[in-house]
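The values are calculated or read from the model by the stated rules, or taken from the named source; none is laboratory data. None of the values given here were measured: they were computed from a predicted structure. Here the Cβ positions follow ideal geometry from the backbone for every residue, glycine too, while neighbour counts run over all protein chains shown.
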């Protein structure tokens, strides 16, 4: 019974020591990072600090690139919308051109017929004066 009690106390002491060492290590790391951030160049940062800085840098790049992707998606959507509008306008213009061309052809034909009719009338008038 006495041995079990001592074993439990020893286990609790060991766990407490582990927790305190872990906490101390975290504080040292935080302190090191703050020294790294505030220290003048040149300095020799630790690998862990470099990894943290690189991770932060990578996250910032990812965030900025995701923002750029969103911006470009908006630009693309806008351009697609403009393209659809322009396509519709081109179709309307093509229809209008076809209508004008057919109207122009009709008017040319009518003008030729009128010219022929006028020539025949002039010819008839000229022939009537001859007799």
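Is it the case, given these coordinates, that residue 58 is part of a helix (DSSP H, G or I) and farther than 30 Å from residue 33 by Cβ?
Against the criterion (part of a helix (DSSP H, G or I) and farther than 30 Å from residue 33 by Cβ), residue 58 does not qualify.
Which pairs do you get when a residue that is surrounded by 10 or more Cβ atoms within 10 Å (Cβ to Cβ), found in the range 51-74, comes within reach of a residue that is modelled with pLDDT under 85 and part of a helix (DSSP H, G or I), reach meaning Cβ atoms under 7 angstrom, with the pair 6+ apart or on two chains?
Cβ pairs passing all conditions: 52/33.
Looking at (1) modelled with pLDDT of 90 or more; (2) over 25 Å from the mean Cα position of the chain (by Cα), which is the one condition that is false for residue 77?
(2)
Conditions tested, residue by residue: (1) in a helix (DSSP H, G or I); (2) modelled with pLDDT of 85 or more; (3) touching a strand residue (DSSP E or B) at 6+ places or on another chain (Cβ under 7 Å); (4) surrounded by 10 or more Cβ atoms within 10 Å (Cβ to Cβ).
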| site | (1), (2), (3), (4) |
| --- | --- |
| 18 | yes, yes, no, yes |
| 28 | yes, no, no, yes |
| 45 | no, no, no, yes |
| 83 | yes, yes, no, yes |
| 91 | yes, yes, no, yes |
